[in-house]
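The values are calculated or read from the model by the stated rules, or taken from the named source; none is laboratory data. Source: prediction; values computed, not measured. Cβ placement follows ideal geometry from the backbone for every residue including glycine, while neighbour counts extend to all protein chains displayed.
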Amino acid sequence: MTPELMAAGAKALAEHKARAAAGGGARFVADEAYFGQGVALYVDGITVSFDGFRALNSLSLTINVGELRCIIGPNGAGKTTMMDCITGKTRPDSGTVFFGSNIDLLRLTEPQIAQAGVGRKFQKPTVYEQLSVFENLELALKADRGVRAALFHRLSGQQLDRIGELLTLIHLKDQSQRTAGLLSHGQKQWLEIGMLLMQEPKLLLLDEPVAGMTDEETERTAELFLSLEGKHSLVVVEHDMKFVGELTQGRKTVTVLHEGSVLAEGLLNEVQANEKVVEVYLGR
């Protein structure tokens, strides 16, 4: 991690503690990320090996606050392993992963990382198929309670407004009382994204979110992600280059992974013209 980011994180921690001790400010929360340097995620020198196979090879990248970053690359490039390391599912052999400039994600468990503000969506949607769309979102409210308690919990007006806003955002306003298991594949993807958003994450990791979607669903998903840009930091792993083009709009950074490290990085037209990227991934 850069000395500037480390110093900023240490300074923020010291200031919070000083204010708390003097009774002149909010109590410091250990899992509250500090984004004063404009960095949401800092991955540095991550290496992961499985039975002699190096899935990640000194991988380093930085995601800025509010940024929408697309990550592409061939199968086996290390994209999923990278997200596993960020979310605590896999512990790297070496390297560092920081959320903001003060939270070392490698010291936290998976639930702690989620509570800190990192949300992950897997390729296959996971929703409560026997419950309605509304009930799925209700269960996902940022609260520490079980399924039964959540279903019998009386929602406040603010919570009802929040669910209503999300139903509109994820294009399911007219499907709120429909059983989730009856939704199309794309609608289930939107519902799971909505459930993640109910947790108020600051960073969203999205693994091939439009796989299996229709063209119309893919287009609406692009609109959804673009509406989240700036409010959240998004890392989108995807193979659909048309979708990547819709997200990046020719002005956002695209990262190409290959053999566990960054092969190229730049605007989409730049990486598409890169001879190494063409050779290992895009083809002629």
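Worth pointing out:
- Total residues in the range 111-135, condition of a type outside the set (Phe, Trp, Tyr), within 30 Å of Arg154 (Cβ to Cβ) and not in a strand (DSSP E or B): 14
- Filter pass, Ala55 being at pLDDT below 95 and surrounded by fewer than 20 Cβ atoms within 10 Å (Cβ to Cβ): no
- Selection status of Gly25, modelled with pLDDT under 95 and closer than 15 Å to Leu263 by Cβ: no
- The range 247-279, residues that are surrounded by fewer than 17 Cβ atoms within 10 Å (Cβ to Cβ) and more than 17 Å from Thr62 (Cβ to Cβ): Gln249, Gly250, Arg251, Glu259, Asn269, Glu270, Ala273, Glu275, Lys276, Val278, Glu279
- Restricting the range 197-217 to residues that are part of a loop (DSSP other than H, G, I, E, B) and out of contact with any strand residue (DSSP E or B) (no Cβ under 7 Å at 6 or more places or on another chain), the residue that is farthest from Ser184 (Cα to Cα) is Glu200.
- Against the numbered list (1) in contact (Cβ under 8 Å) with a residue 12 or more places away in the chain; (2) in a helix (DSSP H, G or I), Leu61 comes up short only at (2).
- With respect to being over 22 Å from Cys70 (Cα atoms), in contact with a Phe, Trp or Tyr (Cβ under 9 Å, 6 or more places away or on another chain), surrounded by fewer than 19 Cβ atoms within 10 Å (Cβ to Cβ) and of a type in the set (S, T, N, Q), Ser184 falls outside the description.
- Count of the range 269-279 residues which are hydrophobic (A, V, I, L, M, F, W, C) and either more than 21 Å from Val43 (Cβ to Cβ) or in a loop (DSSP other than H, G, I, E, B) (or both): 2
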